[in-house]
Amino acid sequence: MARGGLKGRLYPEFARVSQALASERRLELLDVLAQAPRRVEALADETGMTIANVSQHLQVLKNARLVESERHGTSVTYRLASPSVLRLWLALTGVAEERLPEVARLRLEHRADDTELSRANLARLLRRKDVVLVDVRPAVEFQHGHIPGAISMPLPELPARIDELPRDKRIVAYCRGTYCLMADDAVALLRERGFDAVKLDGGWPEWAAEHSFDEAAGTRRRPSGRRVRAGSRSG
């Protein structure tokens, strides 16, 4: 009886999270917030929704404790509530690609090239200074958080700044993650201009989730869960 009572009270709480995720527009908001905190107005511009609709969807996400808000005067900024929400988002997309053939098919249809550099190999190549890592997301997202060693070169600026990149090294471009096409466009442009360029497997969200990076606090978590200041030596 006690066991049934516990489940009867737990499952509705779990359902709050699943119900908050049961909207393609709310998932889009989570995807944008995985890059950096945003004001409501910026989220409306990014997603093409009205401010009123964005506010309604954000309230649902906030009620499920998936996002948090901070008010500055008349402006409200939203962010993901914790790194676990980012991992939830990535898990959802990963399961969808694994179980739904349509997801994998759509990804292949919109990919110009299947060549990717793994994140594991990236760390080794960066240490050896064999590659140049370029973050082609908007500058505000780079400022909030980026893969160490990357330089910010937003996609719209790339044509005018392409001569800043060395031609004797491989250029690795990354953006908002597995389903973001900005890095594909960057690689296509770089190759057209004669560069040896490749896209990184995944992007900022995948890297951040793997490294348990807490941008809001400027810290990263060790496997033990103890926090250390970002950029400090691990011992």
**Request:** Kindly indicate the residue of segment 35-74 that is among the aliphatic types (A, V, I, L, M) and over 24 Å from Gly177 (Cβ atoms) and also surrounded by the fewest Cβ atoms within 10 Å (Cβ to Cβ) among those meeting that condition.
**Result:** Ala52
**Message:** Of everything in segment 50-73, what is within 20 Å of the chain's Cα centre (by Cα) and in a strand (DSSP E or B)? Give them in sequence order.
**Reply:** Val67, Glu68, Ser69
**Prompt:** Under 6 Å by Cβ, and 6 or more places apart or on different chains, what pairs join a residue from segment 173-195 that is in a helix (DSSP H, G or I) with one that is of a type in the set (Gly, Ala, Ser) and modelled with pLDDT under 95?
**Reply:** Asp184/Ala112; Ala188/Ala112
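Would you check which residues across segment 97-122 are more than 17 Å from the chain's Cα centre (by Cα) and surrounded by 13 or more Cβ atoms within 10 Å (Cβ to Cβ) and list them? Write out each step before concluding.
If we filter segment 97-122 for residues that are more than 17 Å from the chain's Cα centre (by Cα), which is where we start, we get 98-106, 108-117, 120-122.
Once the filter is applied, which keeps residues that are more than 17 Å from the chain's Cα centre (by Cα) and surrounded by 13 or more Cβ atoms within 10 Å (Cβ to Cβ), segment 97-122 yields Val103, Ala104, Leu106, Arg111, Glu116, Leu117, Asn121, Leu122.
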**Message:** Can you say whether Gly202 is assigned to a loop (DSSP other than H, G, I, E, B), modelled with pLDDT of 90 or more and over 12 Å from the mean Cα position of the chain (by Cα), as far as the supplied structure shows?
**Reply:** no
**Filter result (in contact (Cβ under 8 Å) with a residue 12 or more places away in the chain and over 16 Å from Thr77 (Cα atoms)) within segment 35-65** = Met49, Ala64
**Asked** If you check Leu6 against the conditions, is it closer than 22 Å to Ala208 by Cα and assigned to a helix (DSSP H, G or I)?
**Response** no
**Fill in**
Taking first residues from segment 12-34 that are farther than 18 Å from Tyr179 by Cα and of a type in the set (S, T, N, Q) and second residues anywhere that are assigned to a loop (DSSP other than H, G, I, E, B) and modelled with pLDDT of 95 or more, the pairs with Cβ under 9 Å that are 6 or more apart or on different chains are Ser18/Ala64; Gln19/Ala64
**Neighbours by Cβ (under 7 Å, 6+ apart or cross-chain): first from segment 75-90, without any contact (Cβ under 8 Å) to a residue 60 or more places away in the chain and closer than 15 Å to Leu27 by Cβ; second of a type in the set (Phe, Trp, Tyr) and buried (at least 18 other Cβ atoms within 10 Å of the Cβ)** = none
**Request:** Scan (1) part of a helix (DSSP H, G or I); (2) closer than 27 Å to Ala91 by Cα; (3) at pLDDT 95 or above; (4) among the aliphatic types (A, V, I, L, M) for the single condition Leu158 breaks and write down its number.
**Result:** (2)
**Asked** Do we find a residue being touching a strand residue (DSSP E or B) at 6+ places or on another chain (Cβ under 7 Å), among the β-branched types (Val, Ile, Thr) and closer than 21 Å to Leu189 by Cβ anywhere in segment 152-167?
**Response** no
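I'd like to know if segment 80-87 contains one or more residues that are part of a strand (DSSP E or B) and touching a Leu at 6+ places or on another chain (Cβ under 6 Å). Steps first, answer last, please.
Within segment 80-87, the subset part of a strand (DSSP E or B) is 80.
This time we only want the ones that are touching a Leu at 6+ places or on another chain (Cβ under 6 Å), so: 80.
Scanning segment 80-87, I find at least one residue that is part of a strand (DSSP E or B) and touching a Leu at 6+ places or on another chain (Cβ under 6 Å), so the answer is yes.
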**Message:** Within segment 177-187, does at least one residue satisfy the condition of being among the acidic types (Asp, Glu), modelled with pLDDT of 95 or more, within 23 Å of the chain's Cα centre (by Cα) and surrounded by fewer than 16 Cβ atoms within 10 Å (Cβ to Cβ)?
**Reply:** no
**Request:** Kindly indicate whether Val32 is among the β-branched types (Val, Ile, Thr) and part of a helix (DSSP H, G or I).
**Result:** yes
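Listed here are the residues, each with its yes/no results for (1) closer than 30 Å to Glu41 by Cα; (2) in a loop (DSSP other than H, G, I, E, B); (3) β-branched (Val, Ile, Thr).
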site	(1), (2), (3)
Trp89	yes, no, no
Glu97	no, no, no
Glu102	no, no, no
Arg105	no, no, no
Leu108	no, no, no
Asn121	no, no, no
Val134	yes, no, yes
Arg137	yes, yes, no
Glu141	yes, no, no
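The values are calculated or read from the model by the stated rules, or taken from the named source; none is laboratory data. Computed from a predicted structure; not experimentally measured. Note that each Cβ is placed from the backbone with ideal geometry, even for glycine, and that neighbours are counted across all protein chains shown.
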